[in-house]
Structures are given as C-alpha cells and as structure tokens.
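Report on the structure given below.
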Amino acid sequence: MGQRLANRSALSLLAGLGLFTSCCAVRAAEPQRPNIILILIDDMGAHDLGCYGSKFYRTPNIDRLAERGMKFTDAYTACSVCSPTRASILTGRYPPRYNLTDFLPGRSDRPDQKLLRPVINQHLPLEETTLAEALKSAGYTTGHLGKWHLGGEGFGPKQRGFDVSIGGDQSGSPASWFAPFANSKGKFMPGLEQAPKEEYLTDRLTAEAEKFIEQNRARPFFLYLAHYTVHIPLKAKAQMIAHYHGNGKPGEQNNTVYAAMIESLDDGVGRLIQKLKSLGLSERTVLIFTSDNGGLSVFEGPDTPATINTPLREGKGYLYEGGIRVPLIVSWPGVTHAGRVCSVPVCSIDYFPTIAEMCGLKNTPAVDGVSLVPVLRGSNELPRAALFWHYPHYSNQGGKPGGAIRAGNYKLIEFYEQGRRELYDLKKDVGETRNLIEEQPALAKELAGKLENWRHEVGAKMMRPNPAYVPNPQAADGSVTLPARTADIHGVQLRHEPLPHKNTLGYWTRAEDWASWEFQLAKPGAFSVEILQGCGKGSGGSEVAVSVAGQTLKVTVEDTGHFQNFKARTIGTVKIDQPGRYTLAVKPLAKPGLAVMDLRTVTLRPVGK
C-alpha cells in the first residue's frame, strides 16, 4: 500500500510538472497576430452598395462581407476629398495638423473666389509616423497597391513603410483604365509597366493583391488595397455596362458605367475572399472596406454625375453628409458578430489606433482617432465627445470653404465666406433639410465655440481675403449672369441645390430668407432684368422684390407646375450709370404657398442688344 501511495505521489508530481510546463508554454507563446486587409475605394457614396440600400448597383460579395462582419451606418471621412482622408487613415490624425487639407496639388486660386486658400503641404510630411511604418517595425510585411496621391518622388509608399508598392504615385486618377496603364503625366504606373493589352485596372490590382497574399501567407501582413475605382474618368468593361439599364430619371442611381465599375470591384472583393479561404487564412485575416469620401453627385466630366447619395445631402466636395459619410464594413473573425449594424459615429482617423490594437502594437504615436475595438466587440459607445472637419478650400464640385463639428446627434457647419452657420439634428434629419440655427441658438453657440477651440488646437490654417476678387464679371456682349451657385444666402432654409437636375436656389420656404449677388460692371447702361424661375403647382403668387443700384422691380411668381420646370421671365428695366461693383438682392414680400420659388439665374441684358 505504501508503495502504491509513493508511486501515485510520484505520478501526481510528474503530472503537475507536466501541467506546469504546459502552462508555461502557453504563456510563452505569442498570440497569433491577424493579417489586415484595408480596401479603400475612391469616391464611393454611402449608399452605393446593396447592403446599404442600393437597388441598382450589384454587390453580392461585399454584401456577404457585411453579413459576416459589422456594418457602420455613421462612418465618416476626415475630409470630403481624397488626399486628406488618405493621410488621416495612415496617421490617425486630423489633416490640419500636418497642413494637408485639400486634394493634391489642390485647386489654384481664382478671381471668382472671395477668399484665398492657405498654402498646403504637397506631400504627407516625413515626420508623420504611418500605420505601415508602425506595423513594419512590429514584424508585419506591408503592401500598398493602387492609388497613393500623398506625394511624388521621395514621398511615395516605399518611403512611408511599405515593402511592396504597385500602381501608386502622385496621381489622383488614372489616365487609362485599360492597359497600357498610364498616370496623369502620361508615364507608366509604377509596377504596371507590363500588362496584357486591354487588361482592366481594377482586375489587375485585384490580381496583384492575390499575389501579395500568396507570397506572404506564412507571416503576418498588412495589405492596403487602394482602388482607383470609382473615380473619374468613369470607364468600365463594355460587357458589364450591358448588364445595366438606367432609366435616366434625375435624382436616382442609374449610371450604367458607374454600376459596371462597382460590379468589377465587387468581383475583385469576391476573389480576395476566396483566395484567403483557399490558403486557410480566412479566420485570421481582418477585412476592412470603406471609401475616401462621398460619391460624386454633380457634373465633372463625361458620364457624370456618377451617383446620387439620397437621402444624404450633396456629395463629394461638400461638408454635408453626402460628402463625408461613407460605407464601412469590418469583418474580424472571432470578434465581430455576424450581421451586426453599428450606429456609433466613427471616422477615418480611427483606423490607425484600431489596427494597432488588433495587432498588439505598443508605443504607437499619439493620434486623434480612437480604437474601434470596443464597438467591434459589442460596445455601443466610444470615449469621444465630437468629430471635426476643416476645409478651407473651394472644391471642384462646388463646395464652399468651411468647417463642421458633430457632437452626439447634432452637426454644425460654419461657412468661412460669411461666417454663416447651419445646425442639424442628424437623428431626426439625416438629409439636413431643417436648419435649427434659430431654434437652438445656445447649442449652436456652444458647438461653434468647440469648433473654434479645435481649430486652434490642431493649428488649422485659415483663409484670407482675395484682393483680386472679381464677382460675376460682365460678359463681352455686355450681359451679366448671376447663377444660383454664386449667390450669398441670407436666412435659414434657403439654399443652393447643386444637383444637375436642380442647380437652383431652393427650399425657399420662409419669406424671411433672401439671396444676393455681387457683380462687376465694366460697361454701364440700361439693362433688362430676367429671372429663370420655377414654382410647384399651387405655390404660385409670391410677391418678390429685385433690387439693384437703388432701383427695385417687383414680380409675382408664376406657377410652372413643378419647382424644376423653369421659365424665363423679363421683369423690367434698370439703369446703372457708373462702372464698378454692385449688389443685386432678391427678397420675398409675401409667400402664400408652400415655397417662394426655385430660382436658377438672374440675368441683366443690355437694352437694345
């Protein structure tokens, strides 16, 4: 009996030692670090995917990604145009901190601008630590495929922590979507010098991504796949365009070329998912899918507008939701709950700290973003009071310079030309149709103060008056055309609606709101005044005063059957005796119907011409 007890004790000791050894081995082994694939689309709108409500674009593979991951409804970019957002993704910091607040090289100042833009950096400063550099120092293999647009020679992906770089340079868009692949300067895109004739760029970047994954299957990797799709010039494969039949109805998604581009993109996402599965990498690879700004909703080249962002207001280049809200899908196997939808406001500045935490990075630089890991694990809140934007530029799409803040459900926009502010409750009014600036003045003042403090904190560069400003100059034939887009808005609800089928002053639902234009006159004289107005059925009859140079003409608005049915009407004659700068104002005197009118242009024509 004693011997058995001795033997049992010995076995227990050995077992204990074995268990101790096993526990030590578990503690010593590092947890398997996930691979990261960040897919960044160029100019994709927040509702350009089936899983975000589109009934026209076909995205079954991306939709399945959303089904197995988390879909964000309130995801934002740090800017309404590309380069600043791309910089924010790589640094986790707001663009004003490194003075890169517009697309590169930026739009030159023009005489029709009231304000001059601040001079911006022409590359992402080398002092900024990038996500690729942080991951590379932690043992990750890093790859950049596609659009870079953050600097040219000496400031490219390989100088910013990427081991592999294909297709990226200073260019913002491809000169050719089909091989041979050229950039905006007519040179080959780096790494794409050899390509089968007529190969499609989106397909090629997908193939390069598959190759990168295959070559790095045995080590942790970070792949930044920055597609040029769906940026202009819009080009797609003819056989895919034939899959779609747009109805041409204004205000709806029906661009067949754009749809075909999205289909090629979706095919590529499906290929990447299948590649990960075939290599046994699916369960340890995080997939992040998003866009760099909202969808292009105005005319900017052939086959545009690209898309419509309804119910969001406006699109790329604007501080309204259509310009800065984007799709975001994160699939983190074993962490994200399949099919979960998250409404917590998040931003492109958050990707750096999120990926850093996912990958176990230590001693990362200070960032403005916060890690999304808590919400990916199921939390419904983040430790952040507000999100901010600063865009001291005139966008190519018609957006005016300004800043914005979102705190909770409220968003305040401040326009730099006049200091005019707009306040919206995004929970009740995601389309930003009801300006609450007069209803909640205390809240507006509080948010404006926070926005101002933030600008000082990040060192935001501001605009200055343009001494060469020439508003609405007189044409060679002596006429002066005052389009809706150049009007100064006075009031609360009146606004310029830039969508191509509108291009008007609309939402004129308050008689207190009015508009004015400055114009430059070189040849004085007598002018007939013509308005191009539309008015919905039953809303006619408003009395309006048009004043210029101390003279006032009164007109009764005509019912044209629809606010976008525009009718040209000559309302009288004015005489201007001296050359110089003048202001024309349009003010309602009475509004019996739903709205005053829609007003597309006011034109002064020399009498007798």
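Values in this text are rule-based calculations from the coordinates and carry no lab data. This is a predicted model, so every value here is computed, not measured. Counting neighbours? That spans all protein chains shown, and the Cβs are built from the backbone with ideal geometry, glycine included.
Among the listed pairs Lys158/Lys275; Lys114/Lys249; Lys275/Lys411; Lys55/Lys427; Lys114/Lys445, give every one whose C-alpha distance is greater than 32 Å.
Check vs 32 Å cut-off fails for Lys114/Lys249; Lys275/Lys411.
Read through the labelled values (1) 76, 60, 46; (2) 74, 65, 44; (3) 123, 59, 44 and report the label of the one computed as Cα extents along the principal axes in Å from the structure.
Among (1) 76, 60, 46; (2) 74, 65, 44; (3) 123, 59, 44, the one derived from this structure is (3).
Once Lys and Arg get +1 and Asp and Glu get -1 on their Cβ, which of Leu584, Leu604, Gly541 lies farthest toward the positive end of the dipole of the stretch 480-606?
Positive-most Cα among the choices belongs to Leu604.
Within 10 Å, count the other beta carbons around each residue, average over each peptide in 518-530, 382-394, 320-332, 344-356, and list them highest first.
Those peptides, ordered most packed to least, come out 320-332, 344-356, 382-394, 518-530.
Lysine pairs, Cα distance under 18 Å, 8 or more residues apart or cross-chain: how many in the stretch 480-606?
9
GluC sites (Glu not before Pro), restricted to the stretch 198-234: which are DSSP loop and have at most 11 other Cβ atoms within 10 Å?
Answer by residue number: Glu198.
Report the relative contact order of the chain, percent, no decimals, based on alpha-carbon pairs under 8 angstrom and at least 6 residues apart.
Over the chain, the number comes to 15 percent.
With axes computed from alpha carbons, what is the tilt in degrees of helix 441-458 against the longest principal axis of the chain, rounded to the nearest 10 within 0 to 90?
60 degrees
Per 0.36 nm of contour for each residue apart, how much would the distance between Arg377 and His243 grow if the chain were fully extended, relative to their Cα-Cα spacing?
Gain in length upon complete extension: 44.3 nm.
So if we plug the beta-carbon distance of Ser184 and Glu457 into 1/(1 + (r/R0)^6) with R0 = 60 Å, what FRET efficiency do we get, rounded to 0.05?
Efficiency for this residue pair is about 0.95.
Quick check: residue separation of Ala442 and Lys277 times 0.36 nm, minus the Cα distance between them. What number comes out in nm?
So the chain would gain 53.9 nm between Ala442 and Lys277.
Among His123, Met70, Gly167, flag the residue with its Cα farthest along the positive direction of the charge dipole of the stretch 64-203, charges on Cβ as +1 for Lys/Arg and -1 for Asp/Glu.
Met70
Simple spin-label model, 7 Å along Cα-to-Cβ: Val335 to Glu214 in nm?
Going from the Val335 label point to the Glu214 one covers 2.9 nm.
Can you tell me what share of the DSSP beta bridges in the stretch 513-609 is antiparallel? A percent to the nearest 5 is fine.
Of the beta bridges lying entirely in the stretch 513-609, close to 95 percent run antiparallel.
By how many nm would the segment from Gln551 to Ser516 lengthen if fully extended, with 0.36 nm per residue of separation less the alpha-carbon distance?
11.2 nm
What size of dipole, in debye to the nearest 20, comes out for the chain about its Cα centre when the only charges are +1 on Lys and Arg C-beta atoms and -1 on Asp and Glu C-beta atoms?
Value, rounded to 20: 620 debye.
Roughly what would the spin-label model give for Glu198 and Lys428, points 7 Å off Cα along C-beta, in nm?
5.7 nm
What is the dipole size for the stretch 480-606, taken about its Cα centre, with +1 at each Lys and Arg Cβ and -1 at each Asp and Glu Cβ, in debye to the nearest 20?
It works out to roughly 180 debye.
Among Ala511, Leu521, Ala487, which residue has its Cα furthest toward the positive end of the charge dipole of the stretch 480-606, with +1 on Lys/Arg Cβ and -1 on Asp/Glu Cβ?
Highest projection toward the positive end goes to Leu521.
Determine the percent antiparallel among the DSSP beta bridges restricted to the chain, to the nearest 5.
75 percent
Assigning unit charges at the beta carbon (Lys, Arg +1; Asp, Glu -1) and nothing else, what dipole magnitude in debye, to the nearest 20, does the stretch 400-464 show about its Cα centre?
Here the size comes out at about 200 debye.
Take every DSSP beta bridge with both residues inside the stretch 305-423 and express the antiparallel ones as a percent of the total, to the nearest 5.
100 percent
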